[in-house]
1. What FRET efficiency, computed as 1/(1 + (r/R0)^6) with R0 = 22 Å and r the Cβ-Cβ distance, is obtained for residue 91 and residue 112, rounded to the nearest 0.05?
2. For residue 368 and residue 303, calculate 0.36 nm times their separation in residues minus their Cα-Cα distance, and state this gained length in nm to one decimal.
3. Test of understanding: express the Cα radius of gyration of the range 178-302 as a ratio to 2.2 N^0.38 Å, with N the residue count.
4. Please give the contour-minus-distance gain from residue 53 to residue 255: 0.36 nm per residue of separation, less the Cα-Cα distance, rounded to one decimal in nm.
5. For the range 66-123 and the range 210-233, what is the centre-to-centre distance using only Cα atoms, to the nearest Å?
6. Which residue, 98, 19, 284, tops the fluctuation ranking in a GNM of the chain built on C-alpha contacts under 10 Å?
7. Counting only C-alpha contacts under 8 Å and six or more residues apart, can you give the relative contact order of the range 279-405 as a whole percent?
8. Tell me the relative contact order for the range 83-208 as a rounded percent, counting alpha carbon contacts under 8 Å between residues six or more apart.
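Where a number appears in this text, it was derived from the coordinates with a stated rule and is not lab data. Just so we're clear, the structure is a prediction, and the values are computed from it rather than from any experiment. A quick note on method: Cβ atoms are made from the backbone with ideal geometry, for glycine too, and the neighbour counts reach across all protein chains shown.
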């Protein structure tokens, strides 16, 4: 049961998101706000422009980088099991990454290197400080030798599609032929840490990543619609994906990640961006964290591990160096952490992440609130819609009393 203030907040959220759909910014979306036993789901619009299939509560979505927090959870389970240690060099299980070399200059030749000052650790992978990641300046993926070499090796370091053709072992063998960009621990750089961590978790667990996710996370949390590949029937229900062509300014359908791609196991199950999920499945994961690692009276992760996942580990300089992608946020394990008041809320402490195909998740521990939005329109992230959703959702269930900020 919700009070009148919360009802007004939810109506305001629906009206704002429905208005964006009506304007043609995206064909449809599914949103969720949950607090305690109260869960409010809103399915708006259709799965593709010109189509008639409505968005539904159980519509599956490619969640891309919202896979990263799940990978971090898997890693912490292995830490608690004693299979990994946060401060240990990854070369124990990934000998390919021993004796790393580091570029003298980010745009320099691949053979102009110095020795790494220390090994890469598990913590480095989780916090994206391993010394390698996406280069965003002066442009995305500038034509530096390190970027060109990764592309020639078909490592698929950035956008997840088209997928790498290599299995995890071959992927790592090829990646290990490249130097690092920065010294381990020096800077925050996006994405590569999760790709390497995908291989590490599989080796540490002794299982393919998909199997470990299923047995240790998806089955216990009853996340029955979350996987690296789905049935043909479920794949047909994936919404069409859209993104603005910045040369023409028009929103265009992207066909590179069509339904057929998701019906077969990928060569490289990517813990960086490889999952399909539904809004209720992701709620189960989000609630596990907001409830301190407990699901339905069963502890799956310690409170200490949840705190480590959801606490900022970056220095102010590393936050500043994260540029527009990090946007002044801190970084925990596989997810961002809001460390100061922002335009969404005056109360810091929220954590979560988004997905490049137009998905968003945030937990607000100050009010035990979960907010999730799922679309397949990339523009949702950067055209103001995601921020508007976050602000309205985060404040939608604040009561007139102590929760009001």
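1. 0.40
2. Using 0.36 nm per residue and subtracting the Cα-Cα distance, I get 21.9 nm.
3. 1.28
4. 70.9 nm
5. The range 66-123 and the range 210-233 have Cα centres spaced 26 Å from each other.
6. 19
7. Dividing the mean separation by the residue count of the range 279-405 yields 17 percent.
8. Dividing the mean separation by the residue count of the range 83-208 yields 35 percent.
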